[in-house]
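Below is one structure, written out as structure tokens; comments come after it.
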Amino acid sequence: MRKLTKSTIVVGAALAAAVGFSTSPASAAGTWTVTGGGSFTAVATSPILTDTNTGTQLKCTKSNAAGSAANGTGLSGTAIASISSVTWTSCSGPAGISFTVTAQGLPWKLNAATYSAGVTTGTITGVKAHISGLCNADFNGPTAGSTATLTGKYTNSTHVLTVSGGNLKAYNVSGICLGLINNGDSAVYSANYVLSPATLQITSP
């Protein structure tokens, strides 16, 4: 009887811990509030895609995006905002080689995970892109054809969505790439998108 009671306590404690972890205030479903939402556009100046295996950087002068976030309270952090279009302007790599970048897998989803002092950190999911020019490649997730997950951080005071990190990888590399981009290379996309109108606020207790 004593063993059964101790076992029951252990199991109960484990279940309580699991429930507590899955519903922590910063990440629980139903704790998020969005105001000033609706449709938005966003512009990032000088975004960069970096092949972390070779150090090759693909730089663009600008990236434009558009999306929406629904106003509400008690929202889930999942898909708290949606990015419906992304374009890039004047992209070039080493020696000034020009590239065209095309977003795929749209819409991408912004998922809120943690909140602190006006800053929401989470993920951007569904991400895929293709570059074309003298060198061609697909940038997908961990496996060919899969979608990537990037790190996203939204700051209420500046209305800036910062994109970084993630698990992008290069696939279907072809053309004259000269070893600058190779199949299986990991990549990081870095950009700061300024939203307009400057009204969106995302909060969580």
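Please treat every number below as a calculation from the coordinates, not as lab data. Just so we're clear, the structure is a prediction, and the values are computed from it rather than from any experiment. Using ideal geometry, Cβ is built from the backbone for each residue, glycine included, and neighbour counts are taken over all protein chains shown.
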On a 0 to 90 degree scale, rounded to 10, what angle separates helix 2-22 from the longest Cα axis of the chain? 40
The distance between the Cα centres of the range 63-106 and the range 130-205, in whole Å, is 9
Can you list the residues, at least 5 places off or on another chain, whose amide H is less than 5 Å from the amide H of W32, using H built in the peptide plane? G74, L75
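Can you give the local net charge around N140? Use residues other than it whose beta-carbon is closer than 10 angstrom to its beta-carbon, Lys and Arg +1, Asp and Glu -1.
Summing Lys/Arg as +1 and Asp/Glu as -1 gives +1.
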Where is the GNM fluctuation largest for the chain (alpha-carbon springs, 10 angstrom cutoff): G141, G122, G36? G36
Summed side-chain charge close to S92 - residues other than S92 whose Cβ falls under 15 Å, Lys, Arg +1, Asp, Glu -1: +1
With just the Cα atoms of the range 101-193, tell me how far they stretch along each of the three principal axes, in Å, largest first. 47, 22, 20
When the Karplus curve 6.51 cos²θ - 1.76 cosθ + 1.60 is applied with θ = phi - 60°, which whole-Hz ³J(HN,Hα) does each residue of the range 88-100 get, with x for Gly and Pro? 10, 10, 6, 9, 8, x, x, 6, x, 5, 7, 9, 10
Other residues with Cβ under 15 Å from the Cβ of Y171 give, with Lys and Arg +1 and Asp and Glu -1, a net charge of -1
